[in-house]
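Notes follow once the structure below has been shown.
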Number of protein chains: 2
Amino acid sequence: MDVRKFAVPEILFGAGSLEYAGLCARRFGAEKVFLVSDTGLEQAGWVAQVLEILRGQGLDWHYFNDITSNPRDFQIVEGARSYLEAGCDVVMAIGGGSPMDAAKGIAMLASSGGRVQDYEGANRIQRPLPPMVFMPSNAGSGADISQFAIITDVERQVKMSIISRTLVPNISVIDPRVLTTKPVDLIVSSAIDALSHAIESYVSNLASTLTEIHSLKAIDLIMTWLPCAIEQPNLDNLEKLGTASTLAAMAFSNTSLGMDHALAHSLGGKLDIAHGLIHPVLLPPVMRFNMAACPAKMVDIGQIVLGHRLETHEATALAGIEKLEAFFAGLDVSTRLGQIIGDKQSLEKLCRMAARDVCLLTNPRDATVADMLNICKEAW
Amino acid sequence: MDVRKFAVPEILFGAGSLEYAGLCARRFGAEKVFLVSDTGLEQAGWVAQVLEILRGQGLDWHYFNDITSNPRDFQIVEGARSYLEAGCDVVMAIGGGSPMDAAKGIAMLASSGGRVQDYEGANRIQRPLPPMVFMPSNAGSGADISQFAIITDVERQVKMSIISRTLVPNISVIDPRVLTTKPVDLIVSSAIDALSHAIESYVSNLASTLTEIHSLKAIDLIMTWLPCAIEQPNLDNLEKLGTASTLAAMAFSNTSLGMDHALAHSLGGKLDIAHGLIHPVLLPPVMRFNMAACPAKMVDIGQIVLGHRLETHEATALAGIEKLEAFFAGLDVSTRLGQIIGDKQSLEKLCRMAARDVCLLTNPRDATVADMLNICKEAW
């Protein structure tokens, strides 16, 4: 038996879709919405706009912004307490991966109780969550589409991956206007994250035709439109990246990810840097390591990245990885691990942590701690 | 504002997925399942197998098979009466488009009351439906994925298109083993239907990147794998067609269709023939008519059908349509309208009926009754 699951939320996509956010909440019988966001979105005026839309639908609300980027376990506990105390019935989030992941964690604890740590790994949530309507403000995390929530365990200094069908939001409202108020460095790190989602999902052990077409289209869109969006971060260019991020998330949510993300979660728990900035360092060496396990798929990726095939399959695959490295190098981001971590001593601990990340299970090639340590050294 | 909706059910895909059908119903709190199917599926042993799976989950059931192909309005009324009388709480269907469309109609009337005719057109269902878990036995109708139900109005002799977000089943369980017990002529007519879904959705006024990738991949898979599946209707080849049909439905459910389907619904209401057998006659002339409105998209379709581009865009598009005609001609199906309808006199009435079909609204080129009449004469 080779049974695959494919689940995505209902999606509203396009400039102006935000206006329907209140109506979406109403569809679930909402009376009081728990809205999660952050100060960046407040300053850009989007939080006020969403509250206005909720008021227009006659909805009451409780606003929660007590979260950081890379949200922490204790912030989730506090959010769930607020949700219950305020008597809310629908969870909404407007923001990047952090507010959306936090909102998922809050919905989870509010309905199921316990500690965030109780749900780490795959399929450990048993009770239904409150309805969730998410409005992404970046084109990268895919948290508005995916069954993933990434929460930092402060004590262990690691990002926990929580994966469950019930973490797929009910509705994702993707309005590219919301993407236009992010600074260029966040557009870049978000797009890189989506690119890693697309590549890791394409070679995942759980990939299928239903996911592969999404992965490949996402790679194509990001390679083509990220340079344009950096040059001119206008609605048209950002809409392309929003589409790419959505497609990548439709894939990775159903295939999970691979070693690049396992290592990135481990590193991110310790370093608290923008998650997307770790992939330029790790993704190319991980792809070289994985090539032996999925040569044909690496050729497909090479062909998309290059725009054509070379004389041999191997040449296409390798040139694709090299072009990707050149692409990253042109983005004004660190491309060597040594630029990100000061201290080589911590590498072994980080790799041991990564070996326990659920994303490693779907990496196309089995990898030991020693393999990952070699990759980190190659990336140094 | 250019807002697009994209909604698909949760999908379980792969040989063996049928075993999870009972668990799927249980997820919605089912106690008594209303199972819709037909004698063909009974004879192939699938109905007994589904009932066994339901028993394995401790579920009670009521079985309903009082439907024909191209299900009729009065059969839906009778089914809804049975559903309510038996006190069921979840609707399941195993079968082709007819049992699945019937099951949707039954779920609709059971929850909302009234006549089937009250819901004809787009977005006219206001009340939530019972949860629906569908198991398609053909790779074509896409009723397990789509927000469409097609029911024949016996008095008016027309197929009514009912389109609503709430007609998207909750879960589609696509087990290619179930496809293996269908005769080859049904495999062919189903695949042709999926091909028309893919082509009409690709050029629909409501197409977007989220739907276009599904349309194109479906065209590619059907052109490649239908000949193989006719030669050898084995699990591998049929799984490819199952994937194609699923992708085509993910597209057309969210873009609606076009003139070929508007005419096919009108003809099908009168003729009661396999819906898929009307497209070889009408789709090519409809594509020629539409070309002026979407030349670039017709080139994309041509490229997929041919496997390459020709010197000019126009040559690629036209050669694509010709190759499609040759493909149909090789399938042992009628390719002239005169072979299907005896009587040229009825054409004008049929075209007037088609002009009122909701599918015509998303055709890329506006068409009058006279335009459709010309197309039918071209196809004669």
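Key figures for this structure:
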quantity	calculated
Region B:28-43, residues that are open to solvent by 20 Å² or more (accessible area, probe 1.4 Å) and touching a residue at least 12 places away in the same chain (Cβ under 8 Å)	B:Phe28, B:Gly29, B:Glu31, B:Lys32, B:Asp38, B:Thr39, B:Gly40, B:Glu42
Criterion: under 30 Å from A:Arg177 (Cβ atoms) and of a type in the set (A, V, I, L, M, F, W, C) - qualifying residue of B:Phe34, B:Phe13, B:Phe6, B:Phe28	B:Phe6
Residue in region A:323-345 that is open to solvent by 40 Å² or more (accessible area, probe 1.4 Å), among the hydroxyl-bearing types (Ser, Thr, Tyr) and more than 22 Å from A:His261 (Cβ to Cβ) present	no
Wholly within region B:44-152, strands (runs of 3 or more DSSP E) carrying at least 3 residues that are crowded, with 17+ Cβ neighbours inside 10 Å and under 19 Å from the mean Cα position of the chain (by Cα)	B:90-95, B:132-136
Search result, residues across region B:353-380 that are at pLDDT below 95 and open to solvent by 80 Å² or more (accessible area, probe 1.4 Å)	B:Arg356, B:Lys377, B:Glu378
Boolean, A:Ile192 is assigned to a helix (DSSP H, G or I), farther than 23 Å from A:Glu42 by Cα and in contact with a Gly (Cβ under 9 Å, 6 or more places away or on another chain)	yes
Among residues of region A:164-183, those that are under 20 Å from A:Ile150 (Cβ atoms), more than 11 Å from chain B (Cβ to nearest Cβ) and either of a type in the set (A, V, I, L, M, F, W, C) or touching a strand residue (DSSP E or B) at 6+ places or on another chain (Cβ under 6 Å) (or both), counted	2
Pair list, Cβ under 8 Å, 6 or more apart: region B:7-22 residue at the interface with chain A (Cβ under 7 Å from one of its Cβ atoms) and acidic (Asp, Glu), other residue open to solvent by 20 Å² or more (accessible area, probe 1.4 Å) and assigned to a helix (DSSP H, G or I)	B:Glu10/A:Arg165
Selection within region B:203-212 - crowded, with 21+ Cβ neighbours inside 10 Å and within 13 Å of another protein chain (Cβ to nearest Cβ)	B:Ala207, B:Leu210, B:Thr211
Selected residue (only one of A:Leu226, A:Leu186 is open to solvent by 50 Å² or more (accessible area, probe 1.4 Å) and more than 12 Å from chain B (Cβ to nearest Cβ))	A:Leu186
Identity of the residue in region B:26-46, among the aliphatic types (A, V, I, L, M) and touching a helix residue (DSSP H, G or I) at 6+ places or on another chain (Cβ under 7 Å), that ends up farthest from the other protein chains (Cβ to nearest Cβ)	B:Val36
Residue among B:Glu239, B:Glu200, B:Glu231 that alone is within 13 Å of chain A (Cβ to nearest Cβ) and of a type in the set (Asp, Glu)	B:Glu239
Residue count, region B:285-315 (criterion: closer than 16 Å to B:Arg365 by Cβ and touching a residue at least 24 places away in the same chain (Cβ under 8 Å))	13
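The values are calculated or read from the model by the stated rules, or taken from the named source; none is laboratory data. Predicted model only: the values in this text are computed from it and were never measured. Here Cβ is always computed from backbone atoms with ideal geometry, including for glycine, and neighbour counts include all displayed protein chains. Just the protein is used for accessible areas: all its heavy atoms, side chains included, with ligands, DNA and RNA removed. Shrake-Rupley method; radii C 1.70, N 1.55, O 1.52, S 1.80 Å.
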